[in-house]
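Working notes for the structure below.
The values are calculated or read from the model by the stated rules, or taken from the named source; none is laboratory data. Since this is a predicted model, take the numbers as computed values, not measurements. Every residue, glycine among them, receives a Cβ derived from its backbone with ideal geometry; neighbour counts consider all protein chains shown. Accessible surface is based on the protein model in full, side chains and every heavy atom, while ligands, DNA and RNA are left aside. Shrake-Rupley method; radii C 1.70, N 1.55, O 1.52, S 1.80 Å.
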Amino acid sequence: MKTTAQTFAELGLSEATLRGVAKHGFVHPTPIQAKVIPVGLQGHDVIGCAQTGTGKTAAFVLPIADRLTHGKGIRCVILSPTREIALQTKEFLDVFGQGHHLRAAVLIGGVAMGPQTSALRNHPDIVVATPGRLLDHLERRHLNLQKVSEVVLDEADRMLDMGFHRHTMMLSATMPFAVEGLARQYLRDPMRIDVAPPGTLKEGIVHRLYLVDQGQKRTALLRLLKDERGPTLVFVRMKHEADRLARFLLSEGFDIGILHGDRSQRERTEALSAFRTGHPRILVATDIAARGLDIPAIAHVIHYDVPQNAEDYVHRSGRTARYQATGVASVIGTWMDLTSIKAIEKLVGQTLPRCTIEGIPAFVETPPKRFGRLRPRMRH
Ligand code: ADP
Ligand code: MG
């Protein structure tokens, strides 16, 4: 990915924030950062769309860090669709909020309330939360949002279940038309910032579609895992399927981790941090890992099940080729997935290259002739 030729200083950020940026090693803003930061600094509402791995987190964190000063109550709420993304965003806030001594509290489900209520008593300026746990704390009056002036919906098309009439920034790599309409009801004259048309695939990803018979999916997966050596994220649709596939891969001698919503938060956090270090090199996950996770080393995303929504293909595949890295996204599909595959190809505006694995017969897509003969009335 190209960064811009601009500097962060040109975007209007304060000295204190610029020091944080420099310390973190960012030199040039990415395109979404160059566009969102000046507008965000002015307090304009934003709906921002940019490909996966192009720095949307810093695009909202930096202007917010700049607009806030410590000790005036909770001024900012950032909503994330998953606990893992919330934790990741907190790390950005700690780095970039340092200049203004900002404190962030993370409110996510699956872990004890106690440490979170302590964090809330410790005068946070920013709350990063998943919606369910935020509501829990609100109901128990552990916090109130009266002073909140900044709201961010990260992965906005997933997050639209709360309305705030405040400075709101929404970012995602996808933004279906209907969802944008909903978003606009909550925003004041938002500026729509598109770095690329929504649904655009990140460059640097090589896409491969393997069409096989249902009975060959596991064999195909084994081959892909053996052929591509780097850290690999394997997506399945269902939690029980994740467990089943995990057992199978373990029995085949692979060292793997599992991430899905039926695991405890502790198991989820452990699986993710182990995978971040590269051991195990394979993580089997449901769509809970489809969005937002930034693990730069991921080299290969395998869609063992074709995603149900075309948008999910963009997000899942976007777990590789972060920032300027490259990677591979492979789909293992059967004839039953052809409709979903067509929907994906329509959204992303390109055909997924058909590939084959030596020794595994490929499913041939062209409808066989007998199809026409069986339903002659379909012919014109
Ligand atoms: P997105 O939310 O768009 O998917 P992230 O905010 O997770 O992307 O950022 C992706 C990666 O790019 C992260 O590892 C982040 O540290 C890195 N990154 C973001 N902005 C810059 C920049 N201006 N210069 C260098 N690296 C950056
Ligand atoms: Mg993100």
Query raised in the report: Among the residues of the range 228-240, is any surrounded by fewer than 20 Cβ atoms within 10 Å (Cβ to Cβ), over 24 Å from T356 (Cα atoms), touching a residue at least 40 places away in the same chain (Cβ under 8 Å) and in contact with a His (Cβ under 9 Å, 6 or more places away or on another chain)?
Result: yes
Report task. Please work out which residue is most open to solvent (accessible area, probe 1.4 Å), limiting yourself to the range 46-79 and to residues that are in contact with a Lys or Arg (Cβ under 9 Å, 6 or more places away or on another chain) and either within 10 Å of ligand 2 (Cβ to nearest atom) or of a type in the set (S, T, N, Q) (or both). Result -> T69
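Restricted to the range 10-45, and to residues that are in contact with a strand residue (DSSP E or B) (Cβ under 7 Å, 6 or more places away or on another chain) and buried (at least 24 other Cβ atoms within 10 Å of the Cβ), which residue is farthest from E150 (Cα to Cα)? If you could, list the steps in order and put the result at the bottom.
As a first pass, look at the range 10-45 and keep what is in contact with a strand residue (DSSP E or B) (Cβ under 7 Å, 6 or more places away or on another chain): 32, 35-36, 39-40, 43-45.
From what is left, the residues that are buried (at least 24 other Cβ atoms within 10 Å of the Cβ) are 32, 36, 40.
Numbers: I32: 19, V36: 14, G40: 10 Å.
Among those residues, the one meeting the criterion is I32.
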**Report entry** Counted residues, the range 48-88 - those being under 29 Å from R319 (Cβ atoms) and either without any contact (Cβ under 8 Å) to a residue 12 or more places away in the chain or assigned to a loop (DSSP other than H, G, I, E, B) (or both)
**Finding:** 9
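Results for (1) closer than 27 Å to K72 by Cα; (2) of a type outside the set (G, A, S); (3) at pLDDT 95 or above, shown as yes or no for each residue.
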{"site": "G163", "(1), (2), (3)": "yes, no, no"}
{"site": "T168", "(1), (2), (3)": "yes, yes, no"}
{"site": "S172", "(1), (2), (3)": "no, no, no"}
{"site": "A183", "(1), (2), (3)": "no, no, no"}
{"site": "L187", "(1), (2), (3)": "yes, yes, no"}
{"site": "P198", "(1), (2), (3)": "no, yes, no"}
{"site": "G204", "(1), (2), (3)": "no, no, yes"}
{"site": "L224", "(1), (2), (3)": "no, yes, yes"}
**Report entry** Answer from T4, T30, T89, T57 - the residue that is at pLDDT 95 or above, over 28 Å from R268 (Cβ atoms) and hydroxyl-bearing (S, T, Y)
**Finding:** T30
**Report entry** Options T168, T277, T269: the member that is without any contact (Cβ under 8 Å) to a residue 12 or more places away in the chain and among the hydroxyl-bearing types (S, T, Y)
**Finding:** T277
Query raised in the report: Do any residues in the range 18-47 that are basic (K, R) have Cβ atoms under 6 Å from those of residues that are not in a helix (DSSP H, G or I), where the two are at least six apart or on different chains, and which pairs are they?
Result: K35/I193
